[in-house]
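Asker: Please read through the structure below; I'll follow up with questions.
The values are calculated or read from the model by the stated rules, or taken from the named source; none is laboratory data. Predicted model, so just to flag it, every value in this text is computed and none were measured. Note that each Cβ is placed from the backbone with ideal geometry, even for glycine, and that neighbours are counted across all protein chains shown. Heads up: the accessible areas ignore ligands, DNA and RNA and are worked out on the full protein's heavy atoms, side chains in. Shrake-Rupley method; radii C 1.70, N 1.55, O 1.52, S 1.80 Å.
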There are 8 protein chains.
Amino acid sequence: MSDSTPAIGIAMGSESDLPVMQDAAELLDNFDLNYEMRVLSAHRTPAAMKEYAESAHERGLKVIIAGAGGAAHLPGMIAASTPLPVLGVPVKTSKLNGLDSLFSIVQMPGGVPVGSLAINGAENAAILAVQILATSNPDLMGRMLEYKQQLIRKVEDMDERVRSHSSL
Amino acid sequence: MSDSTPAIGIAMGSESDLPVMQDAAELLDNFDLNYEMRVLSAHRTPAAMKEYAESAHERGLKVIIAGAGGAAHLPGMIAASTPLPVLGVPVKTSKLNGLDSLFSIVQMPGGVPVGSLAINGAENAAILAVQILATSNPDLMGRMLEYKQQLIRKVEDMDERVRSHSSL
Amino acid sequence: MSDSTPAIGIAMGSESDLPVMQDAAELLDNFDLNYEMRVLSAHRTPAAMKEYAESAHERGLKVIIAGAGGAAHLPGMIAASTPLPVLGVPVKTSKLNGLDSLFSIVQMPGGVPVGSLAINGAENAAILAVQILATSNPDLMGRMLEYKQQLIRKVEDMDERVRSHSSL
Amino acid sequence: MSDSTPAIGIAMGSESDLPVMQDAAELLDNFDLNYEMRVLSAHRTPAAMKEYAESAHERGLKVIIAGAGGAAHLPGMIAASTPLPVLGVPVKTSKLNGLDSLFSIVQMPGGVPVGSLAINGAENAAILAVQILATSNPDLMGRMLEYKQQLIRKVEDMDERVRSHSSL
Amino acid sequence: MSDSTPAIGIAMGSESDLPVMQDAAELLDNFDLNYEMRVLSAHRTPAAMKEYAESAHERGLKVIIAGAGGAAHLPGMIAASTPLPVLGVPVKTSKLNGLDSLFSIVQMPGGVPVGSLAINGAENAAILAVQILATSNPDLMGRMLEYKQQLIRKVEDMDERVRSHSSL
Amino acid sequence: MSDSTPAIGIAMGSESDLPVMQDAAELLDNFDLNYEMRVLSAHRTPAAMKEYAESAHERGLKVIIAGAGGAAHLPGMIAASTPLPVLGVPVKTSKLNGLDSLFSIVQMPGGVPVGSLAINGAENAAILAVQILATSNPDLMGRMLEYKQQLIRKVEDMDERVRSHSSL
Amino acid sequence: MSDSTPAIGIAMGSESDLPVMQDAAELLDNFDLNYEMRVLSAHRTPAAMKEYAESAHERGLKVIIAGAGGAAHLPGMIAASTPLPVLGVPVKTSKLNGLDSLFSIVQMPGGVPVGSLAINGAENAAILAVQILATSNPDLMGRMLEYKQQLIRKVEDMDERVRSHSSL
Amino acid sequence: MSDSTPAIGIAMGSESDLPVMQDAAELLDNFDLNYEMRVLSAHRTPAAMKEYAESAHERGLKVIIAGAGGAAHLPGMIAASTPLPVLGVPVKTSKLNGLDSLFSIVQMPGGVPVGSLAINGAENAAILAVQILATSNPDLMGRMLEYKQQLIRKVEDMDERVRSHSSL
């Protein structure tokens, strides 16, 4: 693994998916983790996509996050050509609201899994990627535990504000 | 194009799709058209699938019929690697009844079409393939017109039997 | 076939479908292919629609693209009266988002196929029509291969821009 | 109107719809109303279907009940060619459970209505047909009121049996 | 029947349904047919609704059009208390897009039919009501035939405009 | 309130719903609570249903459980005529799997609530009814707490059996 | 039970649910009933949520209303840890329109019920809570009957306005 | 971490999920990986479930696979109380075919991800768990690559059999 290869790849089927997939990048920035971002279309650049997937493990990537919409084949096709864990982000579409993306990503056949997140759930894909890396990185696990404490504090703040709407 | 290459390829994602896809073969048998049948998994044998799709045009195929279920990526991934028309057959699944297969096949992005037939509509995929070949084959077009006459006669037979259920 | 008859007919159920169906026309313009555009309503002008479908083959059309929304009967009813391949475009509706259009177009009974594209997928219908014509037109097949190269270049451009969002 | 023409036509897209559509016939038998039963396929026998629809009014029919499954075009296409009220019965399908049939029948465009009943609701289509005829036939209206009394008695019988399952 | 009672009642579950249901009124205006419009809530004014339904036949109404959204019980509950034909209009909702309204209206149990139109299909409900009245009113039937001619002319005008988008 | 009136009414739209609704009765038997069971059809016996709902509070009922399938109007129509809490059980249907029942029951308009349980969730409706009664009955609340302990023990038993499938 | 504990708790998964859940608070204000409002996240503050649910009964709460969106676990998880009746409000989501929230809330397993209201139906949850409290509070029951009279008057006002749209 | 703690936990909401979840165990057996199997109900044994989730990381587990049906809260609630990656298996239900399970598992809010597999996709959950462990275990990664070779061979065998159905 060269020094410059990050552990996490973020792939998307089109540049139009960037506003959704950027949530993954921001979360990883908060964890000071490196990542690479790519547009790879299963349908329009199948050769580039396949090469990316096939070389990912050798290049030192550990987890791949892939987002796509409609007949969202990108996560599944990357999973077809890599032994790495692949996390899928169904991107919301203007016609079927992302239900098509979700079905295309989550309903993978036996033997080739994709772990699907919620529609537009790129941030959660990144968190799950961190959790995966943390299984062999105690320091990262520590930061994940800290992150969960932050979530608690944010909800506690909300709770304080909303409690004031109680009657009495 | 060698003599032995048929004009129509019938691909499926798994042997379990054969009972559905055989309807396509039988229709083509009735039209005395040659076809080849293959199991090619977009997810488990992506290299074989890609090679099949990339060489199809050179080998002399004219139309490819592809059936798959669930996250049914086969038709779309074949379309990604061939300039030939690709017809997709969403295979009914035991969980989401084939709605997942349908969405995965029909909702292709701009630039890479798949013409989707009904769920389990392999026979119709074959008819559409014949219609495509018939656009440049007047003899085949004649047989297609004849086929449509047979459909009429079958319905007329049904009609005669059902008319007898009228009152009076 | 008179000189003035194009190979491709584009029919739609209402003038309100024109913004969607024009994508098909533009794609064909890029391929320098002639087409005719018609409003033919299966429900309001059934006689005109039937006459169009019945005469299409004799007039020299090779492929018919038909778009409609809601209880979208136009593609299926044209297919009922012509031996030509018919491609259906489910037009998005304001109530059921085009799921009604999709089901009405794709779930055709045995014997009378319509090849359905994605919801609002008129551009892809035109590409599939080109692919159909290209099965007997090597020059057109060449241009189709070129078109697929253009798709690759567009995605490569996107990829270049998005790569710059990688960390480091 | 000749003496032998019944007031109600029952059309179906295939003989396989007969078990469902026979419920309509039986209801009409109970009301001593004449009806004719036909298999007319919008897709396979469009000419016979159109002729039936176009001549229905002149032949003396008052209401047409049409049942079909999948891309269920029959009710809408009959409505396209007759000024008579058309009632549609979405027949349950093995793949999408009749949701496709329902959408194809009920989502008709402005100008050409079909009154849709429940999935497999042929009996109710016949009752609605009787109600339509009864708007100008006081004797039939009287029998309809009687019929509704029978429904009450049947439910009262059920109620008596089920009450005995109360505790105490 | 008093002179002042129209043949058609238009009921809706809430004043907020008026913009949708007014389409029915306008269509009837075009046919010079009288109608009465009412807000009757199955859930909030069950007594008023029941009284309306029970007296409708005696008051001289011939057909009732009822529109409602969500758990749309109004059409079915009116049908429960009248022998007249009831036509239901599923009103589009902001949450489930009217699919809830459609299911609640169309899936009536055996014995008590409602003829459902499309989501927001109030205009078509009115046309179907006219067709029902026309079964015993030759003059009205004549105007219905004329109306269908107008539909043809409108589509022909659209067709003329869209034909000009054909390539040369 | 007479001595013989139970606190809980179990109503259903048809005797065919009894196998589902009996789960509610059995749960109440376990809590030694009295209940009455009735078949009341919103559509076929609207008068009996209305009378039942209107008199329920005066007769001493505290909670009403109502189950129905398809265009399931019973729970909502009972809620329309009583100030008592009404719990709805969407009964599974053979066509739309109970999704129609669920939408018809849960999507009630503002002002007239029905608390919906899961499809075929009659047992849970009974538990919720017990919880409602227990809000003013400490003894019953005690038995509810005990019931929840039983649930724990049952799951612990399952857990013990399943643990033995662990590897090692 | 301390004096300051209200009978009704309103919990929500996030502050962003407040605009929806405030409808419940307003309805309770109209009934002069006290309530407490909390943000408790099943996923982010599971400990706080569990403590709230476990102590609710001892603290004197009688009914808990819980609203959440997406994988809406809050109502079910509160129900898991309290013997009190729990009412769930599926909050509309931007992707699946609240169908995900509805399924997550209503499809509870046997033993642990949640009474689900309509999507965004917080006002109705509050009404049902009042009805539950009224089962042991005759004064509150009287106010509930009055409330239902107000609903009638509002619909009568609408009716008066809409009647004027009748023809003639 | 004690020697006897396996790296993978398999939890399910009920013993009735065992036939589905056993596919995960078998896959892990093939990889000679240890796992523990538990029945933990989010709704019936929330305390045991929470304790399991909270202690999982300390006990040495690396990945948790959780399967549940209906309002499937188990995967999400485990994820709420552990920093470990959680993989969810939506179990098919008899009513909504597992669509309810899928929505409840996959639509998790920001901050607390669950990686969802296909409906009944327990085998794939296990494969994904292996891939996660393999990110820090080169030997396991080697076996994963081998496993993917086996998949290829199985499809090649299918392909050989199906090819023989080609026409000559």
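Asker: What's the long-distance tail for the stretch B:71-168, i.e. % of Cα pairs beyond 19 Å? Before the final figure, lay out the partial values.
Answerer: Details: 2754 of 4753 pairs.
For the stretch B:71-168, the share of Cα pairs beyond 19 Å comes to 58 percent.
Asker: Among G:134-143, C:47-56, G:68-77, how do they line up by average Cβ neighbours within 10 Å per residue, starting with the highest?
Answerer: Details: G:134-143: 16.1, C:47-56: 19.2, G:68-77: 31.5.
With the highest mean Cβ count within 10 Å placed first, the list reads G:68-77, C:47-56, G:134-143.
Asker: Over its Cα atoms, what ratio of radius of gyration to 2.2 N^0.38 Å does the stretch D:24-123 give? Could you put the intermediate results ahead of the total?
Answerer: Numbers: Rg = 13.0 Å, N = 100, 2.2 N^0.38 = 12.7 Å.
Output field value: 1.03.
Asker: Measure nothing fancy, just the Cα-based angle from helix E:122-134's long axis to the longest principal axis of chain E, in degrees from 0 to 90, nearest 10.
Answerer: Between the helix axis and the principal axis of chain E, the angle is about 80 degrees.
Asker: By DSSP, what percent of the beta bridges with both residues in the stretch A:1-122 are antiparallel, rounded to the nearest 5?
Answerer: Details: 0 of 18 bridges.
Expressed as a percentage, antiparallel bridges in the stretch A:1-122 total about 0.
Asker: Other chains' Cβ within 10 Å of E:46-58 residues: what's the mean?
Answerer: Per residue, the number of nearby Cβ atoms from other chains is 3 on average.
Asker: While we're on this one: For B:Gly67, what residues show an amide H to amide H distance below 5 Å, using hydrogens built from the backbone and excluding near sequence neighbours?
Answerer: Close amide H contacts, sequence-distant or interchain: B:Ala11, B:Met12, B:Gly13, B:Val89.
Asker: If you wrap a convex hull around the C-alpha atoms of chain D and split its volume per residue, what is the figure in Å³? Before the final figure, lay out the partial values.
Answerer: Values: hull volume 24.0 nm³, N = 168.
Looking at chain D, the number lands at 143 Å³ per residue.
Asker: Here is a further query. Please give the average number of partner chain Cβ atoms lying within 10 Å of the Cβ of each residue in B:119-129, rounded to a whole number. All intermediate terms of the calculation are to be shown ahead of the outcome.
Answerer: Values: counts 8, 3, 9, 1, 4, 10, 2, 1, 8, 10, 3.
The mean count of partner-chain Cβ atoms within 10 Å per residue comes to 5.
Asker: A follow-up question, please. Just to check, using Stokes-Einstein with a Kirkwood Rh over alpha carbon pairs, what's the diffusion coefficient of the stretch F:112-168 at 25 °C and 0.890 mPa s in µm²/s?
Answerer: Details: Rh = 13.8 Å.
Roughly 178 µm²/s, to the nearest whole number.
Asker: Moving on to the next point. If you fit an axis through the alpha-carbon atoms of helix D:46-59 and take the longest principal axis of the Cα set of chain D, what angle between them do you get, 0 to 90°, nearest 10?
Answerer: Taking the Cα atoms of chain D, the angle to D:46-59 is about 70 degrees.
Asker: Which residues' amide hydrogens lie under 5 Å from the amide hydrogen of A:Asn34, considering only partners 5 or more residues apart or on another chain, with H built in the peptide plane?
Answerer: Under 5 Å from the amide H of A:Asn34: A:Ala7.
Asker: Just to be sure I understand: of the beta bridges DSSP finds with both ends in the protein assembly as shown, what percent are antiparallel, rounded to 5? Please report the intermediate quantities before stating the final value.
Answerer: On the way: 4 of 148 bridges.
For the protein assembly as shown, the DSSP antiparallel bridge percentage is about 5.
Asker: If the cut-off is 19 Å between C-alpha atoms, which lysines fall inside it for G:Lys62, apart from same-chain ones fewer than 8 positions away?
Answerer: Excluding near neighbours in sequence, the set is F:Lys62, F:Lys148, G:Lys50.
Asker: For helix D:18-30, what angle does its Cα long axis make with the longest principal axis of chain D, in degrees from 0 to 90 and rounded to 10?
Answerer: Roughly 70 degrees between the two axes.
Asker: When the Kirkwood radius is taken over all Cα pairs of the protein assembly as shown, what Stokes-Einstein diffusion coefficient follows at 25 °C and 0.890 mPa s, in µm²/s? Can you show the working numbers first?
Answerer: Numbers: Rh = 32.2 Å.
So the translational diffusion coefficient is about 76 µm²/s.
Asker: Another question about this same structure. Taking every residue in D:11-21, how many Cβ atoms of other protein chains lie within 10 Å of its Cβ, on average? Intermediate values should be presented prior to the final figure.
Answerer: Details: counts 2, 3, 3, 6, 7, 2, 2, 4, 0, 0, 2.
Taking the mean over all residues of the peptide, I get 3.
Asker: Using protein chains only and a probe of 1.4 angstrom, how many square angstrom of H:Phe103 are accessible, to the nearest 10?
Answerer: 0 Å²
Asker: Using θ = phi - 60° and the Karplus form 6.51 cos²θ - 1.76 cosθ + 1.60, what ³J(HN,Hα) does each residue of the stretch B:78-83 get, whole Hz, x for Gly and Pro?
Answerer: 5, 4, 5, 10, 8, x
Asker: Over chain E, what is the mean sequence separation of C-alpha contacts under 8 Å (at least six apart), divided by residue count, expressed as relative contact order in percent? Don't skip to the end; give the middle numbers.
Answerer: Values: 292 pairs, mean separation 35.2, N = 168.
About 21 percent, as a whole number.
Asker: Then there is this: Per-residue ellipticity at 222 nm for chain H, helices alone: DSSP H runs ≥ 4 residues times -39500 (n - 2.57), over residue total, nearest 500 deg cm²/dmol? Don't skip to the end; give the middle numbers.
Answerer: On the way: 6 runs with 81 residues, N = 168.
One gets -15500 deg cm²/dmol as the mean residue ellipticity at 222 nm.
Asker: Step by step: find N for the stretch H:1-81, compute 2.2 N^0.38 Å, then divide the Cα radius of gyration by it. What's the final number?
Answerer: Values: Rg = 12.2 Å, N = 81, 2.2 N^0.38 = 11.7 Å.
In units of the 2.2 N^0.38 Å rule of thumb, it is 1.04.
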